[in-house]
1. For the stretch 62-79, which positions are closer than 12 Å to Ile11 by Cα and modelled with pLDDT under 95?
2. Is it the case, given these coordinates, that Val57 is closer than 23 Å to Gly207 by Cα and either free of Cβ contacts under 8 Å to residues at least 12 places away in the same chain or over 27 Å from the mean Cα position of the chain (by Cα) (or both)?
3. Which residues, taken from the stretch 96-141, are modelled with pLDDT of 95 or more, part of a loop (DSSP other than H, G, I, E, B) and surrounded by fewer than 17 Cβ atoms within 10 Å (Cβ to Cβ)?
4. Within the stretch 144-157, is even one residue within 19 Å of Thr321 (Cβ to Cβ), of a type in the set (Asp, Glu) and free of Cβ contacts under 8 Å to residues at least 24 places away in the same chain?
5. Among the residues of the stretch 210-226 satisfying the criterion of being over 29 Å from the mean Cα position of the chain (by Cα) and surrounded by 15 or more Cβ atoms within 10 Å (Cβ to Cβ), which is farthest from Ser129 (Cα to Cα)?
6. With at pLDDT 95 or above, in contact with a strand residue (DSSP E or B) (Cβ under 9 Å, 6 or more places away or on another chain) and hydroxyl-bearing (Ser, Thr, Tyr) as the only criterion, which of Ser263, Ser273 stands out?
7. Just to verify a result, which residue in the stretch 163-218, among those that are of a type in the set (Val, Ile, Thr) and not in a loop (DSSP other than H, G, I, E, B), is nearest to Gly25 (Cα to Cα)?
8. Identify, from the list Leu229, Leu193, the residue that is over 27 Å from Leu20 (Cα atoms), at pLDDT 95 or above and in contact with an Asp or Glu (Cβ under 9 Å, 6 or more places away or on another chain).
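The values are calculated or read from the model by the stated rules, or taken from the named source; none is laboratory data. Not measured: the values here are computed from a predicted model. Here the Cβ positions follow ideal geometry from the backbone for every residue, glycine too, while neighbour counts run over all protein chains shown.
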Amino acid sequence: MAELRCDGALITHPPNVRYLTGFTGSNGILFLSPRSAVLFTDPRYELQAAEECDCRVRVVRGSTWEGVWKHLAGRFRHLGMEADRVSHDTWAHTAQRLGRGARLKPLQGLVEKLRRVKSEAEQEALRASAKVCSRAFEEAARLLRPEMSEREAAAEIEYRMRRLGADGPAFETIVAAGARAALPHARPGEALLGRGPVLVDMGACLGGYMSDMTRMLSFGPPSRQWQRLHQAVLEAQQAALAEVRAGAPARKVDAAARRALKSHGLDRFFTHSTGHGVGLEIHEGPRLGAKSDDVLEAGMAVTVEPGVYLAGTAGVRIEDTVLVTAAGAEILTPAAKEFMVLAS
């Protein structure tokens, strides 16, 4: 705040509020100044906030923003605020209620930048989340049948995660059978798993921290085409993982995956970036993409997830959540990457 010449700041994005205070509720506005930190919330969270927060808590009856505005009015000249996390209307009202001569300054991405490098406690939380994710996949896979729908399979996977202690899925589980695997973000529907390959993209949320993993399974041996695609994607992932280390440019990781796929003539079918940061949100910085300016640092957690998508025919993706270290990538998702062949 001193660098930005702000005498106070408002933090509203729930993961940022949680990161700074420990508060897990859905309605919290954090005010920070050089001398104090105050969380504003509503009566639903009075007891919860008192238990979770390491700062003062002010419970507001009525509009939480009204309580914030009354607290700020006439007291601060330069206030920082997460411009990309509030509506234009909220920004305008806050500027008006500060009083004549006061100014709002955007704090876009400030807390997110702090969150990129994980503490030891956060790293342990990510490891635990990834283990739950992997174990849930292995348990659920033994129960899947060709006559089940994608939606039923996704429900079974998410149930297993919760049975193993997860707060819930980190995102809507992707189960895509056969040609539908060519849709990178397919939503599970009524299509049957059938006798053939299935793509599963899943993640657990445990203690607020996310994991992300993609594996391929097949009812009966996959065809030669599917095996060729799987081998090419596995080589691409291994090439990308070999580039992950502290100090490495993120775009170098992406380039390694694309070079490997190009050697198989498949690079044009890789349609998204190689990975993204993961933590309190399933998508956060850094970004492992061709145009990324990010540089990896020890303690960052990222996904490495190259894929190949042949429209109407087939799709393969292999993904791990990994921790960046000075020596390389620590893979957090231990589930085997081979095509898991199930009885048809």
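1. Passing the criteria: only Leu79.
2. On the way: closer than 23 Å to Gly207 by Cα: yes; either free of Cβ contacts under 8 Å to residues at least 12 places away in the same chain or over 27 Å from the mean Cα position of the chain (by Cα) (or both): yes.
Against the criterion (closer than 23 Å to Gly207 by Cα and either free of Cβ contacts under 8 Å to residues at least 12 places away in the same chain or over 27 Å from the mean Cα position of the chain (by Cα) (or both)), Val57 qualifies.
3. Ser119
4. Checked against the condition, which is being within 19 Å of Thr321 (Cβ to Cβ), of a type in the set (Asp, Glu) and free of Cβ contacts under 8 Å to residues at least 24 places away in the same chain, the stretch 144-157 yields no hits at all.
5. Let us first name the residues in the stretch 210-226 that are over 29 Å from the mean Cα position of the chain (by Cα), namely 219-225.
Filter once more, keeping what is surrounded by 15 or more Cβ atoms within 10 Å (Cβ to Cβ): 219, 222.
Values: Phe219: 28, Pro222: 30 Å.
Top of the filtered list is Pro222.
6. None of the other options fit; the residue is Ser273.
7. Taking the stretch 163-218 first, the residues of a type in the set (Val, Ile, Thr) are 173-175, 198, 200, 214.
Right, trim to not in a loop (DSSP other than H, G, I, E, B) and you get 174-175, 198, 200, 214.
Working: Ile174: 27, Val175: 30, Val198: 36, Val200: 30, Thr214: 30 Å.
Top of the filtered list is Ile174.
8. The unique qualifying residue is Leu193.
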